[in-house]
Amino acid sequence: MNYRKLTSQTAASALLAAALVPVSAFATGTLAGTDISNTADVSYELGGTAVTQSSNTVVIRVAETLDVVVVLQSPQQTVSAGDTDAPLLFTVTNTGNGPETFELAVVNTDAGDDFDPVAASPSIYFDTDGSGDFSAADVAYVPGTNDPLIPADGSVAVFVLNDIPAGLNNGDVGRSALQATAATGSGAPGLVIPAAGEGGVDAVVGTTGAVASVNGEYIVSDITLTTLKSALVIDPFGGDQPVPGATIRYTITVEVTGTGVATAAAVSDPIPTNTTYTDNSLTLNTNALSDQVDADAGELDTSGAGPAIAVRLGDLASADGVQTIEFEVVID
């Protein structure tokens, strides 16, 4: 499968602004470049007259701290061997106290996985349209050209795209990390970079070392679940018109194709509005299931906003064949 869609590469300033997303406050302390002023007063009496004198004013300008956090937004992504441009979504948050430009990179050399994904070209895109899904509106990152300038407490959403090698086994896991590094500098916490901060103040590397990365995961699976639903209407007159009082018999089929096992498969189907569930009509592979929560595989679930049938299919492989669920409702 190829996940890439057509993209246009433009000047990044306006588009990158659209990729910035609001986040909860992470940065601590006063903004870089803020002046902290202090003047002392002394008061006394001279010949019965009250006198007040002020000291000189001491001004300290707040230095800039360099800190960053990268957060994975995607769950483990299911892929097939040979897939291309498989996306993972991350957010990069500037947790320093001043605006900072960050350099981005993909790192695919985790020693604890089963395979190394191969970075696509380009491999990093900004989620320019803010959709959370890789799309044609997203703009490619070009190192040194459109490095994101992120305000303090600001966050930018970023996709990492990877190709999945051929010849992998079902269940193999590969990890891919997005790394963000402050362009001003990084290193040991407390490292001072003179006059490199906002407004010419000193920049100080914060607790993160001004560099952060986090892994996303791909899992190889050639298994696919196909679900189909159909309805048969039986009216009170022996016909098939959906009039009040008619019965609707719903049939849901679930079929597994490919290799591997789909773990803990389950089906949930809300009872439609303007219908009433027919008691004890639920079956799995023609076997009756009770409406109560008990030892069998299904029930009428009334714990949510509305009633729904719930059937647990368990671990499924292609050898298990088609699973068929049926239940009935009556049109009110």
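The values are calculated or read from the model by the stated rules, or taken from the named source; none is laboratory data. What you are looking at is a predicted structure, and each value in this text was computed from that prediction instead of being measured. Here the Cβ is made from the backbone with ideal geometry for all residues, glycine too, and neighbour counts use every protein chain on show. All accessible areas refer to the heavy atoms of the entire protein, side chains included, with ligands and DNA or RNA removed. Shrake-Rupley method; radii C 1.70, N 1.55, O 1.52, S 1.80 Å.
Compute the FRET efficiency between residue 288 and residue 78 as 1/(1 + (r/R0)^6), taking r as their Cβ-Cβ distance and R0 = 45 Å, and round to the nearest 0.05.
On the way: r = 34 Å, r/R0 = 0.75.
Taking R0 as 45 Å, the efficiency between residue 288 and residue 78 is 0.85.
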Which of 36, 193, 219 moves most in a GNM of the chain, Cα contacts under 10 Å?
36
In order through segment 242-256: 3J(HN,Hα) via Karplus (6.51 cos²θ - 1.76 cosθ + 1.60), integer Hz, x for Gly, Pro:
x, 9, x, x, 6, 9, 10, 9, 8, 10, 10, 10, 10, 10, 9
Which value, in Å² rounded to 10, gives the accessible area of residue 207 with a 1.4 Å probe and all protein chains present?
120
Chymotrypsin sites (Phe, Trp or Tyr not before Pro) in segment 228-332 lying in a DSSP loop, each with at most 13 other Cβ atoms within 10 Å of its Cβ, come to 237
Using amide H atoms built 1.01 Å from N in the peptide plane, name the residues 5+ places from residue 78, or on other chains, whose amide H lies under 5 Å from its own.
219
Amide H contacts under 5 Å for residue 96, placed H, 5+ residues apart:
67, 153
Full-stretch length increase - residue 61, residue 274 - with 0.36 nm per residue and alpha-carbon distance subtracted
70.0 nm
Once phi is turned into θ = phi - 60°, what whole-Hz ³J(HN,Hα) does the Karplus curve with 6.51, -1.76 and 1.60 give for every residue of segment 82-97, x standing for Gly and Pro?
x, 4, 10, 6, 7, x, 10, 10, 10, 10, 10, 10, 7, 9, x, 10
Between segment 133-204 and segment 259-286, what is the separation of their alpha carbon centroids in Å?
44
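Per residue, how big is the convex hull around the C-alpha atoms of segment 155-275? Give it to me in cubic angstrom, could you? Spell out each step's value before the answer.
Working: hull volume 28.3 nm³, N = 121.
Spread over its residues, the Cα hull of segment 155-275 gives 234 Å³ apiece.
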How high is the relative contact order of the chain? Use alpha-carbon pairs under 8 Å, at least six apart in sequence, and give a whole percent.
17
